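The values are calculated or read from the model by the stated rules, or taken from the named source; none is laboratory data. All values reported here derive from a predicted model rather than from experimental measurement. Because the Cβ atoms are built from the backbone with ideal geometry, glycine has one as well, and the counts that use them run over all protein chains shown. Side chains are part of the model used for accessible areas, which takes the heavy atoms of the whole protein and leaves out ligands, DNA and RNA. Shrake-Rupley method; radii C 1.70, N 1.55, O 1.52, S 1.80 Å.
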Amino acid sequence: VSIMGSEILDCGDPKCHQKIKAAILTDPCILLAMAEERRPKQCTVVLPTESMKAMAESIGVGQLQEESCVALSEEVSYRIKEIAQDALKFMHHGKRRKLTTNDIDNALKLKNVEPLYGFQSQEFIPFRFASGGGRELHFYEEKEVDLSDIINTPLPRVPLDVSLKAHWLSIEGVQPSIPENPPPAPKEQQKVESTEPLKVVKPGQEEDGTVQGKGQGATAADGKGKEKGLIRLKPRSTHELSVEQQLYYKEITEACVGSCEAKRAEALQSIATDPGLYQMLPRFSTFISEGVRVNVVQNNLALLIYLMRMVKALMDNPTLYLEKYLHELIPAVVTCIVSKQLCLRPDVDNHWALRDFAARLMAQSCKTFSTTTNNIQSRITKTFTKSWLDEKTQWTTRYGCIAGLAELGADVIKTLILPRLTVEGARIKAVMEGPVVSNIDKIGADHVQSLLLKHCASVIAKIRPQPDNVEQYRIDYGYLGPMLCSHVMKARTQAALQAQQVNRTTLTITQPRPTLTVSQSGLSGSAGPRTPSIIKVPSSLTLMSPRPGTPSQPSPPATKYIVMATSAGPASTQQVITLSSSQSASPVTSTVPSATSTLQPLVKLESGSGPGLTGSRPMQKYIVVSLPSSASSSLENKSSVLPTSISSTPIEAGMKLDRSESPGASTQSPH
Amino acid sequence: MAAVQGGLVDAVEKKDIKTEPSEDSGGNNNANDGRLLSPPPGSSASAPGGNKPPAGAPEDQQTLLAVLQFLRKNNLAESVEILRREAGLPEDALDLKAGDSAGAGSGGAGGTVDLEGEDASSLLSRVTVSSSAAAQAPTKVTPSEDQPDVNVVLSAYSQQGDPALYGVYYSGLKRFIESVLDCHRAELSQVFYPLFVHMYLELVYNNHENEAKVFFEKFSGDQECYYEDDLRVLSSLTKKEHMRGNETLLDFRTSKFVLRISRDSYQLLKRHLQERQNNQIWNIIQEHLYIDIFDGMPRSKSQIDAMSGSLAGEAKREANKAKVYYGLLKEPEIELPLDDEDEEAENEEGKPKKKKPKKDSMGSKSKKQDPNAPSQTRIPLPELKDSDKLDKIMYMKEATKRIRLGPDNLPSICFYSFLNAYQGLTAVDFTDDSSLIAGGFADSTVRVWSVTPKKLRKVKSAADLNLIDKESDDVLERIMDEKTASESKILYGHSGPVYGISFSPDRNYLLTCSEDGTIRLWSLQTFTCLVGYKGHNYPVWDTQFSPHGYYFISGGHDRVARLWATDHYQPLRMFSGHLADITSTRFHPNSNYVVTGSSDRTIRLWDVLTGNCVRIFTGHKGPIHALAFSPNGKFLASGATDGRVLLWDIGHGLMIGELKGHTDTIYSLKFSRDGEILASGSMDNTVRLWDATKAFDDLETDDFTAATGHIHLQDNSQELLLGTYMSKSTPVIHLHFTRRNLLLAAGAYNP
């Protein structure tokens, strides 16, 4: 092949030319790269001549002259641009914003060029980028695939079929606030409203924002009204509730404090997920704070628990901007943690659970809302420490303070609680071994003791070197030392044990059990081709609680449930769901390839034997494996919508254990 | 079937699609982009309209000869034979011609050119009017230029000027235009873009690559932003070789860029150019530009901007002069068995008992024929069947219960989301009675859903049908196979993404068009494919049934819109004239007209009877993806990738409104049943409602400067916008008003 120069284009060996061109055209990377190109000055974009050389070499044409390279690269760049432009047409008609490889195939077909086979991937372009030594390279990673692997791996489940779902986008001009519609006021807007309430709005200028953003209710008449007033203080709508909203508010609040547990669960679910609640937020907040105020005086434990669950639901709702109402919510929560008396019969009622729960709520809000300006965490810490240090503080309050501090994390335990173990131990000893003062004190001291042991053991296990000497512990921690020592040892052995295997109690819940509902949500998460199932485990079903009987109190040590979704035989992945951890409250899920796991199930949820995916009873096994708490402190505190990484695997993507008291109860219902 | 059709269709297509030299060289296309190529005689013979085959006219015969010659040149002997036979030409006609041309040049192009040259000038004299200066016939292509194919077209660029001076010329003109009076400046600025394009192309054609690049870089920034897309194409074109086969380039070349300039401004320009002896520019203006001169006030910048943006400039005023019968056809008389309930309802509203509830809002107060309506038999329409009559009665009953919409009474919107569609939903349609939804998908499937409790059932197999009692009253019920009842059915058959979909008005058929170049007709009784209509060899972007059934229109990448009847496998009409892909097609409510929107950013209205283009609307700055007629047939709304909705008055051929607000491509437009509200759905995930009554009223109070056609658009989009409804990451690709004025929207959820 020696014909060189620009004639190559016209009269040169057409075969060679064609070949090179074909080689280039069959490199979809270039095509896509060019298609992405959106710079206005496109006339300068030309493929580098080195590429031409490289490609010529790859098909056996050596020593291509510089001149022909230039000619070729210009020609090829032009052709590629042409194809990219045609491909855009297909994208437009496909009603998409993303150009796909199919579009390019179709564009090639238009030009009577054979499409590029094997690049059908919908979601990603299978090219890797590498750079080094001043060279940048895109390459197509072609792995060697063992056919037997493919044959032997169980088939992935068929993707869900296309389906149709109807909802009201607007009812007589007003967009209803339902999960299928976007939130009427995005969080940012709520924030703007709360931070800049006195913004001057000029007529005309706001038109777009209000009409588009939230004021679907604003009819034309309304719009005109706005134009007349030069300065508006705050949108009226934040203070007025429509009749429907008032009705909803009434229903929800009644259900939340009513006697029907099922209704309450529903109401809380609604609070946690509905996107249109922001207008009612001030009312909810007042309801809670007033409710706590009254019920603390009346020692109505049940109502206090319900109110705290409302707080939790509000915090779980991703569309609400709660910052504005913290001044009402935080005092209410703190009250439930440290109040001297929360119930009528402190010796019998389990008010400790409420304190624990509220303490976790407090920790969560500290994590979410604490900023350098409001300093929530440090203020809360100070409050707790102060009353803890007070000699006269009762055992109940003392318990609350310690719980509140302990929930704030290992660091707080280390700096604030551990140094005081000796003093506290002495106090407990005085009650436990001294003359019997009152039964209530004794119970209190007992609870404080177990609380301290529970929280401190894991921290000490981490910071103290290995040999656990009872005497040493006694010296260091006084009265609590020996008990601590045994707890720490237990913690260590458990951690070690867990690294390999877990214990093997199994609990089988069959599908028909009414408390476990598996529902198909409408739309799948990000990229996964599968609709996530939502497993709702209402609070009446206690999955794993060391202290059964108190549904509103999840067990404090982080327990991991590994949920293995098994469909019709093939086990494909497992999801590790941390249900209730001391650091974070939301279930965090991660995927573990099942092949590598040798875990044995602790809890097994097996669904019935309905065949296939039909209806809401998928043939699916959920095997829940419990792991003892591991040292994961970086658990995310976001909503429990599963990470997208899962969805890259072809199996069940979104699954969620949802306990009404476990945070993160937001359903994944994107529509 | 394909074999039967092959010859003729091939011939016809080559003629229409490829902008063949045999035509272009004659300047035929140049002069008359408004004029329509007459429908091919073969297909017009089968047209139900019964219009005469135009073969009698001498000029058509010449065109035919040219086609024949071209075919012969390409060794398509069979096609030649068929076409000749169809046209009734003597066998020696062609030979004679061929003999002539063989003498003149190689291959016969020369002979045709001569012939066609005359033809073109006669045509020109017909088309061109007021301008004396610009009306000079275009320079004929010299017969000696015997390069085949595109080279003939391009050869006009072969004139040599000093390449270095192009920039000087251009900036000289720029300086001049900037220095003229303000009132003329805007008008004369229109010259910049076409001039720029043609100068650049000349440079490229003459191999002055570097000069071309410099020229482009220097002046491309001055061009209006809405030409950006074309400039991008242009910028990639840097070599003479590229010009071959580049469609956009051919468009520039084969169609004259139309400018509308007032006489004063034009004189100014002419004087300047003649004083300066600036022949280079003057030649380009003479050759590639068509200047439509009008008397009167020069237009303002905003007026010009409203109308410009298309690939080939504005429409000539003459193009929009033809009379359009936009009125509605009289509804057939149907004895309406009104029960008491309905009577009451009607009386309450104080309406007289009428057979035409639709016409209430359109001014035709009595039963007599609307003066603007075409005659009832202008095109033959299918007879109403009993089932159609029943449906009409249902329609009227529903219509009495219709909600009257207005700014204070907005419609409710029900959104149908397609879940798990993985970005694959490409087209949606609802039946008129809103009982079925069909979706076309990128994976070539078509799916039909029933949205009422009534499930979809197939007709029983032939063997089973024999068993049923044909005399029984419920025979229609009995023929259905209960076992096949389901909420949705999938139709397999296409081999590419399905881009257009349309139900027949009687709900018995479904029409789909696809990337594979076919249009398919499906039976909704058996859920099988009945016909595959082949003709577009390239992707078909849109198709729609006529509101009266039987006919349908399709348009695609081949730039030709075709009118079909369901019982003919060849098109009845081919509408050619667009300079780029036809992206959307719609039937006029009276079935006598079709409208097509294109990537060349123009909208054309075609007469179904004659096949002529009767309106050209320019003003969009991007490909047009949505079109909708108002229910009274008077107005047209169009939406494009530029996110704007434009409103047009069909009778006057004028743009009457611009609705701004969308931020992305508009894929769907629909008027409410009474025409009071216009709904638009877009890629930006919103449905917007516009006050159509107000938009049209405002205009009618305006004094119509219909003579010049220069309207002044008010910027009142914000007043007309009645509501914006955001969906959750679901682009809105179809909208439909139910018979009671509930708005249905559809789109695929894209997480």
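Annotations
- Selected residue [modelled with pLDDT under 95 and under 19 Å from the mean Cα position of the chain (by Cα)] from B:Phe635, B:Phe704: B:Phe635
- The set of residues in segment B:345-384 being within 32 Å of the chain's Cα centre (by Cα), modelled with pLDDT of 50 or more and of a type in the set (Lys, Arg) consists of B:Lys368, B:Arg378.
- Unique residue being within 14 Å of chain A (Cβ to nearest Cβ) and of a type in the set (A, V, I, L, M, F, W, C) when the list is B:Val258, B:Val233: B:Val233
- Qualifying residue in segment B:518-530 (condition: touching a helix residue (DSSP H, G or I) at 6+ places or on another chain (Cβ under 6 Å) and assigned to a strand (DSSP E or B)): no
- So B:Pro547, is it open to solvent by 20 Å² or more (accessible area, probe 1.4 Å), outside the structural domain of B:Leu250 (by the TED database), closer than 23 Å to B:Tyr667 by Cβ and out of contact with any helix residue (DSSP H, G or I) (no Cβ under 9 Å at 6 or more places or on another chain): yes
- Candidates are the residues of segment B:385-402 that are at pLDDT 85 or above and in a loop (DSSP other than H, G, I, E, B); the one that is nearest to B:Asp432 (Cα to Cα) is B:Arg402.
- Residue selected from segment A:151-195 under the condition modelled with pLDDT of 80 or more and away from chain B (no Cβ under 14 Å), by the criterion most open to solvent (accessible area, probe 1.4 Å): A:Leu155
- Enumeration of residues in segment A:371-403 that are within 30 Å of the chain's Cα centre (by Cα) and within 26 Å of A:Arg474 (Cα to Cα): A:Gly400, A:Cys401, A:Ile402, A:Ala403
- Filtering segment B:487-521 to residues that are open to solvent by 30 Å² or more (accessible area, probe 1.4 Å) and more than 22 Å from B:Thr583 (Cβ to Cβ) leaves B:Glu487, B:Ser488, B:Ile490, B:Tyr492, B:Gly493, B:Pro505, B:Asp506, B:Arg507, B:Asn508, B:Tyr509.
- Taken together, the residues in segment B:567-582 that are under 11 Å from the mean Cα position of the chain (by Cα), assigned to a loop (DSSP other than H, G, I, E, B) and aliphatic (A, V, I, L, M) amount to 2.
- Matching residues in segment B:264-299 - criterion: being of a type in the set (A, V, I, L, M, F, W, C) and within 17 Å of B:Phe196 (Cβ to Cβ): B:Leu269, B:Leu273, B:Ile281, B:Trp282, B:Ile284, B:Ile285, B:Leu289, B:Ile291
- Taking the criterion of being open to solvent by less than 30 Å² (accessible area, probe 1.4 Å) and closer than 11 Å to A:Leu301 by Cα, the residues of segment A:347-361 that qualify are A:His351, A:Trp352, A:Ala353, A:Leu354, A:Arg355.
- Lone unmet requirement of (1) modelled with pLDDT of 85 or more; (2) away from every other protein chain (no Cβ under 14 Å); (3) in a loop (DSSP other than H, G, I, E, B) for A:Ser148: (3)
- Residues satisfying the criterion are absent from segment B:470-486 (criterion: of a type in the set (S, T, N, Q), open to solvent by 60 Å² or more (accessible area, probe 1.4 Å), more than 8 Å from every other protein chain (Cβ to nearest Cβ) and without any contact (Cβ under 8 Å) to a residue 12 or more places away in the chain).
- Scan of segment A:421-457 for residues that are more than 18 Å from A:Val348 (Cα to Cα), open to solvent by 50 Å² or more (accessible area, probe 1.4 Å) and either modelled with pLDDT of 80 or more or part of a helix (DSSP H, G or I) (or both), ordered by number: A:Thr422, A:Val423, A:Ala426, A:Lys429, A:Ala430, A:Met432, A:Glu433, A:Lys454
- Elements of type helices (runs of 4 or more DSSP H) contained in segment B:209-256, each with 3 or more residues being without any contact (Cβ under 8 Å) to a residue 60 or more places away in the chain and open to solvent by 10 Å² or more (accessible area, probe 1.4 Å): B:209-219, B:228-236
- Of all residues in segment A:124-165, those being among the small types (Gly, Ala, Ser) and within 30 Å of B:Tyr749 (Cβ to Cβ) number 1.
To keep it simple, each residue is scored yes or no on (1) open to solvent by 10 Å² or more (accessible area, probe 1.4 Å); (2) assigned to a loop (DSSP other than H, G, I, E, B).
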| site | (1), (2) |
| --- | --- |
| B:Ser584 | no, no |
| B:Asn590 | no, yes |
| B:Gly639 | no, no |
| B:Arg673 | yes, yes |
| B:Leu678 | no, no |
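- Scanning segment A:52-87 for residues that are part of a helix (DSSP H, G or I), crowded, with 17+ Cβ neighbours inside 10 Å and touching a residue at least 60 places away in the same chain (Cβ under 8 Å) turns up A:Ser68, A:Ala71, A:Leu72, A:Glu75.
- Of B:Ser444, B:Ser375, all but one fail to be part of a loop (DSSP other than H, G, I, E, B) and away from chain A (no Cβ under 14 Å); the exception is B:Ser375.
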